[in-house]
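> Before we start, here is the structure in question, set down as structure tokens.
Derivation of every value follows stated rules applied to the coordinates shown; laboratory data play no part. Computed from a predicted structure; not experimentally measured. So basically every Cβ, Gly included, is an ideal-geometry build from the backbone, and we count neighbours across all protein chains shown.
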Amino acid sequence: MKILVVGGGGREHAIIKAIRKNPAVDVVYALPGNGGIAADAVCVPIKATDIPGIVKFASDTRVDYAVVAPDDPLAMGCVDELEAIGVPCFGPKKNAAIIESSKAFSKALMKKYRIPTAQFRTFTDMGEAIKYVELMGAPIVVKADGLALGKGVTVAKTVLEAKEAIREMMEGGKFGASGSTVVIEEYLEGPEVSVLSFTDGNVVVPMVSSMDHKRAGDGDTGPNTGGMGTVAPNPYYTPEVAKRCMEEIFLPTIRAMNAEGRTFKGCLYFGLMLTADGPKVIEYNCRFGDPETQVVLPLLESDLLTVMRAVTEGRLSETEVRFSHKSACCVVLASRGYPVKYESGFELVLPETPEGREIYVAGAEARDGKLLSHGGRVLGCVAVEDTLQSAVSGAYALADSVKFENGFCRRDIGKRALAALHG
Ligand code: AMP
Ligand code: GLY
């Protein structure tokens, strides 16, 4: 089989490595992939947002199946267009991808179907938005409506900070059209859990839970990033919490999307906060998380491609989705200065990875037989072990054995999870 994977980051590398385990796979094409992914797939320089280019490639190459991984092409209708030429896909159609691409949509959906989430109001008028935060006081959360690479959220400690965020989004044009509508919501507190799930619109099968580390600096300081590291499973996500989430959040969401005529097929990501009031949705993503995927897929014991095709064909209920009981940790090596200002082009020398270790390449370019850093997040160093403690140590040992002069990582990935486990 010829498989096409749209995207070119660490998440896509993890997906590609898992798909290649299926013996029926002859070749994987990554569009555009990257210099590191090139070790595992044929990388074709077509951008993930070049939908006509992707469709033409899929048609010319006669690919058998496509996985559309990033949010942008999903929001642009890449799955709709590939399916229109007869290529079966993993990923939601445009009308379902809106669950991520518009926070105004997802918040209204949760309100209508009584899915627990932070109280909120949506604004298109800046003056009204400012009046509202003055009335509500701080802390308060300001979110740009559209896709903003995980950076369109300000958790404001003061009213002044909230007002500045609103001005920046609505008048500064920092997020372009994504910021012309803002959602202002109640500040919630509690541990955060990421749950990725497979769903074919009929059933929803949660994957092993995980914990992201979104801030750039140790101790959750510094600016928000796409994610600096992950662990799985998330110790806060107990079987009791999982049961509540299934009943109060996961199933109601699938049913709500069906009722709206927006059946969701693919990976639905639930970003949850476990508040004193019970689990609440912080955000939905219409795709695999990055770097959650880098810890979740190494724990998947079932064959990924088989599960994906069952999702596409609406046969998920008959398909086994089994996870290992081990733990995984991913430490992201990023370019110094990320997410603000950073340079590319530094040489990467990667060690051999034995069983239980993986290095997923998020941003690299191959030049003259060398691998050079390219972009903010560069590598995801992953260890799978029997305990979380050894997975964390293993991931750091792996990260420390990489040669990447301009690289940095957080030194406390997994610390909070270990404290929750061991006190
Ligand atoms: P998001 O991009 O929506 O996941 O938000 C980024 C981060 O902002 C989340 O991971 C939370 O840590 C924080 N956040 C978002 N919404 C809220 C909220 N209502 N209350 C407290 N923190 C929030
Ligand atoms: N790591 C968070 C995300 O993928 O949105």
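> So for each of 112-118, 22-28 I average, over its residues, the number of other beta carbons within 10 Å; can you give me the resulting order with the highest mean first?
112-118, 22-28
> Assign one of three labels to the stretch 324-383, namely rounded, prolate or oblate, based on the Cα gyration tensor with a ≥ b ≥ c the square roots of its eigenvalues; rounded applies when a/c is under 1.5, prolate when it is not and a/b is larger than b/c, and oblate otherwise.
Judged from the Cα gyration tensor, the stretch 324-383 comes out oblate (a/c at least 1.5, b/c at or above a/b).
> How do 221-232, 367-378 rank on mean C-beta neighbours within 10 Å, highest first?
221-232, 367-378
> Hey, with R₀ at 60 Å, roughly what FRET efficiency would Ala39 and Leu160 work out to, going by the Cβ-Cβ distance, to 0.05?
For Ala39 and Leu160, the calculated efficiency is 0.75.
> Return Leu300, Leu4, Leu305 ranked ascending by Cβ neighbour count within 10 Å, so the fewest neighbours appear first.
Leu300, Leu305, Leu4
> Additional query: Need one number: nm distance between label points at Lys403 and Asp220, each 7 Å from Cα along Cα→Cβ, rounded to one decimal.
Each label point is offset 7 Å from its Cα along the Cβ direction, giving 3.8 nm.
> How do Arg121, Arg410 line up, fewest other C-beta atoms within 10 Å first?
Ranked by crowding around the Cβ, least crowded first: Arg121, Arg410.
> Along the Cα→Cβ direction, 7 angstrom out, place labels at Glu240 and Asp125. What is the inter-label distance in nm?
Those two pseudo-labels are separated by 4.6 nm.
> Stretch Lys370-Lys111 to full length: gain in nm at 0.36 nm per residue minus the Cα-Cα span?
88.1 nm
> On to the next question. For a footprinting-style exposure proxy, rank Val142, Val382 by other Cβ within 10 Å, fewest first.
Working: Val142 26, Val382 30.
Arranged by neighbour count, lowest to highest, Val142, Val382 become Val142, Val382.
> Given the C-alpha centroids of the stretch 244-282 and the stretch 321-355, what is the distance between them in whole angstrom?
Using only Cα atoms, the two centres lie 29 Å from each other.
> What shape does the chain have by the C-alpha gyration tensor, where a ≥ b ≥ c are the square roots of the eigenvalues, rounded means a/c under 1.5, and otherwise prolate means a/b greater than b/c and oblate the rest?
It comes out rounded by the Cα gyration axes.
> Let me ask you something else. When the chain is fully extended, how far beyond the present Cα-Cα distance does Ser344 get from Thr387, taking 0.36 nm per residue of separation?
Full-extension gain reported as 12.0 nm.
> Kindly rank 53-60, 164-171, 316-323 from highest to lowest mean number of other beta carbons found within 10 Å of each residue.
164-171, 53-60, 316-323
> Same structure, new question: When Lys and Arg each count +1 and Asp and Glu each count -1, what net charge do the other residues less than 10 Å away from Pro291, Cβ to Cβ, add up to?
Working: positive: Arg11, Arg377; negative: Asp212, Asp290, Glu292.
Here the charged neighbours net out to -1.
> To continue, here is another question. Taking amide hydrogens as modeled 1.01 Å from N in the peptide plane, which residues meet the under 5 Å criterion relative to Asp290, leaving out close sequence neighbours?
Close amide H contacts, sequence-distant or interchain: none at all.
> Ok, one more. Tabulate in residue order the Karplus-calculated ³J(HN,Hα) for the stretch 88-94, using 6.51 cos²θ - 1.76 cosθ + 1.60 with θ = phi - 60°, rounded to whole Hz; enter x for Gly and Pro.
Once θ is set to phi - 60°, the couplings for the stretch 88-94 become x, 10, 9, x, x, 6, 3 Hz.
> Compute the distance in nm between two label points, each set 7 Å from the Cα along the Cα-to-Cβ direction, one at Tyr132 and one at Asp412.
Here the answer is 3.3 nm between the modelled labels.
> Note down the magnitude of the dipole of the chain about its Cα centre, charges +1 on Lys and Arg C-beta and -1 on Asp and Glu C-beta and zero elsewhere, to the nearest 20 debye.
Dipole magnitude for the chain comes out near 400 debye.
> Give the calculated FRET efficiency between Glu355 and Glu247 to the nearest 0.05, with a Förster radius of 41 Å applied to their Cβ-Cβ distance.
Computed FRET efficiency for Glu355 and Glu247: 0.60.
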